[in-house]
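The values are calculated or read from the model by the stated rules, or taken from the named source; none is laboratory data. Note that the structure is predicted; figures quoted are calculated from it, not measured. For neighbour counting, all protein chains shown are included, and Cβ atoms are generated from backbone atoms with ideal geometry for every residue, glycine included.
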Amino acid sequence: MQFWYGLAQLIGVHTILGLSAYVVLQTGQVTMAQAGFFAIGAYVSGMLTTIAGWHIVPALFIGGATAAAVAAIAGFPALRVKGLMFVVATIAFGEAVRLFWFNFTYQVQQGAVKVGPQGGEGFKQIRFFPANGWTDLDRAIFILAVMAIVMAGVWWLDRSRAGAVLRAVGEDDLAAQSVGVNLTAVKVSAFAIGGFIAGVGGTLYSHYTTHIEHANFGVVLATFAIAYPIVGGLHNVFGTLAAVIFIQGFLVEGLRFLGDWRNLLFGFLIVVAMNVSPRGFVSVYRDLSPYWRRRVYGGAIVTVVLVLAGETAANEIVAAVEGVLGNTGLEYNHMAWIAFIVVMAGWSWSGLAAAVRLLPAGLRRLSALLRDAVGGSAVRRPRKAA
Amino acid sequence: MLEIQALTKNFGGVVAVDALDLTVNEGEIVALIGPNGSGKSTTVNLIAGIFPASGGRISFKGRDITDTQPHRTLECGIARTFQNIRLFNELTVWQNLWVAQNAPETRKSENFVKRWMSGSAAARRSVEEELAFANLAEKRDELAGNLAFGEQRRLELARSLAANPSLLLLDEPAAGMSLEEVKALDGRLRTLQGRGITILLVEHVMELVMGIAGRIAVLNFGRKIAEGTPAEVQADPVVREAYLGTAEPTAAGAAG
Amino acid sequence: MFGDLSALDLLQAVTDGLLFGATYAIIGTGFALIFGVMHKINLAYAATAIAGAYISLAFAALLPMPAIVVFLIAAIASGAVGYLVYITCFRFIPTTSPLATLMATVGMLILIDEVIVHETDGMPQPYPALFDNVMIEIGNFGLRGDLLFIFGLSVVATVALVVFLYRTRLGVATRAVAQQPVAAQLCGISVQRTNATTFIMSGLLGGLAGAMTAAAVGTLSPLLTLPITVKGLIVTVIGGLGSIPGAIIAGLLVGMFENVALALRDVQERDLYVMLLLFLFLAVRPMGIFGKSAARD
């Protein structure tokens, strides 16, 4: 079960990161700065628990509050610009934060060792959890609880007037301004809220990994932060959670046996996902018929059952399979995913049949598209009248 | 109430509005007409504060609002609608109105919590009133983008009332409307006038303009070329040359 | 004068930076071209450029060829990859979903990078340079031959682009689609075809820039992708979105500034200064050098 606790912690932290971007993305600004606020929360809270001996819960709040404060200050100049310029500004800001921590050293002697961030070496020994006897399960529950609280908060924000104002600004900021919405106040507030949430996520991250360094908080993490809400859909917090489970669970962990090809598949799947569901998973799910929804649920239930049945059961299955097929290199944690896929496929036998039926039409359509992309001329010469 | 003096706006080399003088008195309905490109929409945008003027002065109830931002002009009591409807299509009808509850009186009656979270009773009442005015109460949970065109126009008008304006700037509210819808709009504007709201109307649809405007100003190439009652303007040869056309006025046009 | 630097050292830093900045100018131009036409940003652009450079290396390994041909192959290969990015990220995703397009380009960036890493086992490859043993000396001041060549090549490429945009039918079509896509369609211009052409053109430029960067640095590595992307975006923003002359000037400016910062400080702080330059522009002139301050309706 260790694996699943670790995965739960990862999913919890990344969902919080995704939600921090979700709030800002609603106002129509693509922010690449969330990794920076995440870093601020991580380092500040790490210092509070390690050097100042705080408990994690107040450290959580202060980590979030510090990030929120920085976001509010950085927000004012950054939000004067829009669109692409904002993206670039936030990339630069994120990098600046990373470079700051790269150069930041503050160490304190505690007993036999020195603790604290050490520039390029990173911040090691963030040992609040182990030092206080938290088990893997305790950590997982704590992180998931914080994630649930954050999700509830953002879900409730979505339903409040503030949420409607955020979405109005995101959709048409000129119209919003014309009905009396103070754009700067709204955008800075959204940015600060996003900063707070990211700071909270960062706190949990630094404590469960116990060792952080500047490279963890670069452009790649910033990209993940916006990928989750975009892939999941910007209208529903559960979309972000689904995207995190999909990306982190399925791709990063579940397909570990693919080894080096995993990242490639990740890129490929993002491209496919965006072409198939440009408005996010939630919008696709909403369009699913009850038939398909049943199958999605069914596959998920089977997966959960297998997880709970535990490692032993899965190992039995793997041993049996390998008895027939020889060494397949499968592990316990792959079984659940394979089971999920098999069940989905099995239940959707009729789906397969439908796909086969639809194949010729699909191919025809595809070839028409390709012909259109390649053939024709850019500027059609007028035909001479017959 | 609204005084515009020598208002000028240049976009690069193009003079969109050229030394415009206009006064709108309280309780009036004034119409701004003229060919396309004559600077009517630009004038509305300037009053609302969408972009800064290149010269001149706009004052409202004695206050200079020449370079004020849109959400501040709203606070002063000026609301506007857009030529191409700018509703929040992804929000419901109710949310569109709710987001717009930004009148100073409403704001004062709400503390921070009420304002951003559940909304105060006063705000909700106000939304209900506007829904009734727009005849959209049954559609309150419909996404604004899914409404029919006429319904969208009604919603936009209702939304502009949300902040209790004393002056309403309407940018081609009748565009694309059938004659029936224009008559209904005429009725609604008269109701608003009855409530004491002053209206400055930019419009091409003469059935509406001639019917409802107390005074008309005619623009051409950014300059005011005529001003007067509907009858005066219709008879003015300069206006007919530039815009109305030199054919005999139709029965509908002469109804004002 | 400045710290330990003499005026001559400073001039050297400025000149070298200016010449190298031509690569940034080309990348910025490529970004500006796509942004100007599609009004979207292609984050996979630098990856396209690097991929082109790698493909040219593959050809160079097959048969010996002069460096200039390698550069040209890089450009052409990059154009082809650019077309691929167009198909996967821009052709089928609705224009009403700009975020989806953005994420798709990120996906392609990762995909292209990973393919490169797999094919080369992540080892940096040496890249041929031209005139790298040439040095024009004026007293203690030197003009690096390879940098001069890069600069000259950039000038040629830019002139070719301008000729294309203003003198050829396809170029005019590109500009038409950028300004009024619907009207362009009504005139019989195929928007998809024109957009595909825009991507190929920017790919050609990108490949050239990628090759030049690799030649100036001496090695080609997938680690180049991210810094080039960030620099390219910064240059595009400083120059003014969608403005090609802006991108050119901004590219030279950033190259020069970066090199001077490197000379005055050290490698770690150099990037921080470039970012400060960006923040300065955003605070003082957010529309960039040649951008228009939008007076929107």
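Being closer than 25 Å to A:Q26 by Cα, of a type in the set (F, W, Y) and part of a loop (DSSP other than H, G, I, E, B) is the filter here; which residues of the range C:86-137 pass it?
Across the range C:86-137, the qualifying residue is only C:F92.
Among the candidates A:G46, A:G12, which residue alone is under 11 Å from the mean Cα position of the chain (by Cα) and not charged (D, E, K, R)?
Selected residue: A:G12, the only one of A:G46, A:G12 that is under 11 Å from the mean Cα position of the chain (by Cα) and not charged (D, E, K, R).
Suppose the filter is hydrophobic (A, V, I, L, M, F, W, C), surrounded by 15 or more Cβ atoms within 10 Å (Cβ to Cβ) and within 14 Å of chain C (Cβ to nearest Cβ); does A:I126 pass it?
No.
Restricting to the range B:208-228, name every residue that is in contact with a Gly (Cβ under 9 Å, 6 or more places away or on another chain), in a helix (DSSP H, G or I) and hydrophobic (A, V, I, L, M, F, W, C).
Of everything in the range B:208-228, those that are in contact with a Gly (Cβ under 9 Å, 6 or more places away or on another chain), in a helix (DSSP H, G or I) and hydrophobic (A, V, I, L, M, F, W, C) turn out to be B:V209, B:M210, B:I212.
For the range B:52-158, which fully contained helices (runs of 4 or more DSSP H) count at least 3 residues that are within 11 Å of another protein chain (Cβ to nearest Cβ) and surrounded by fewer than 19 Cβ atoms within 10 Å (Cβ to Cβ)?
B:70-76
Checking the conditions here, which among A:A96, A:A140 is over 21 Å from A:F37 (Cβ atoms), of a type in the set (G, A, S) and away from chain B (no Cβ under 14 Å)?
Just a single option satisfies the conditions, and that option is A:A140.
Every residue, every condition in (1) buried (at least 24 other Cβ atoms within 10 Å of the Cβ); (2) modelled with pLDDT of 90 or more; (3) not acidic (D, E), yes or no:
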| site | (1), (2), (3) |
| --- | --- |
| C:G3 | no, no, yes |
| C:L8 | no, no, yes |
| C:H39 | no, no, yes |
| C:N42 | yes, no, yes |
| C:Y45 | yes, yes, yes |
| C:S78 | yes, yes, yes |
| C:V85 | yes, yes, yes |
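Can you say whether A:F191 is surrounded by 20 or more Cβ atoms within 10 Å (Cβ to Cβ), more than 30 Å from B:L97 (Cβ to Cβ) and more than 10 Å from chain B (Cβ to nearest Cβ), as far as the supplied structure shows?
No: the conditions fail for A:F191.
Being aliphatic (A, V, I, L, M), surrounded by 21 or more Cβ atoms within 10 Å (Cβ to Cβ) and either more than 23 Å from A:V188 (Cα to Cα) or touching a Leu at 6+ places or on another chain (Cβ under 8 Å) (or both) narrows it down to one of A:A59, A:A71, so name that one.
Only one candidate passes the filter, namely A:A59.
Identify all residues within the range A:165-174 that are among the small types (G, A, S) and crowded, with 24+ Cβ neighbours inside 10 Å; write none if there are none.
A:A168
Pick out, from the range A:155-209, the helices (runs of 4 or more DSSP H) lying fully within it that include 2 or more residues that are touching a residue at least 12 places away in the same chain (Cβ under 8 Å).
A:161-171, A:183-209
For residues that are of a type in the set (A, V, I, L, M, F, W, C) and within 21 Å of the chain's Cα centre (by Cα), scanning just the range A:62-91, find the one that is farthest from the other protein chains (Cβ to nearest Cβ).
It comes out as A:A67.
Of everything in the range B:125-149, what is within 22 Å of B:F82 (Cβ to Cβ), of a type in the set (G, A, S) and out of contact with any Asp or Glu (no Cβ under 9 Å at 6 or more places or on another chain)? Give them in sequence order.
Matches in the range B:125-149: B:S126, B:A148.
Of the residues A:I40, A:I16, which is part of a helix (DSSP H, G or I), farther than 22 Å from C:F279 by Cβ and not small (G, A, S)?
On inspection, the qualifying residue turns out to be A:I16.
For residues that are touching a residue at least 40 places away in the same chain (Cβ under 8 Å), away from chain C (no Cβ under 12 Å) and small (G, A, S), tally how many sit in the range B:1-36.
5
Which one is nearest to A:G28 (Cα to Cα), of the residues in the range A:86-124 that are of a type in the set (F, W, Y) and outside any strand (DSSP E or B)?
Top of the filtered list is A:F86.
Quick check on this structure: which one of C:T219, C:T197 is at pLDDT 85 or above and either β-branched (V, I, T) or on the phi > 0 side of the Ramachandran plot (or both)?
Testing whether each residue is at pLDDT 85 or above and either β-branched (V, I, T) or on the phi > 0 side of the Ramachandran plot (or both) leaves just C:T197.
Got a number for residues in the range A:175-188 being surrounded by fewer than 22 Cβ atoms within 10 Å (Cβ to Cβ) and more than 9 Å from chain B (Cβ to nearest Cβ)?
4
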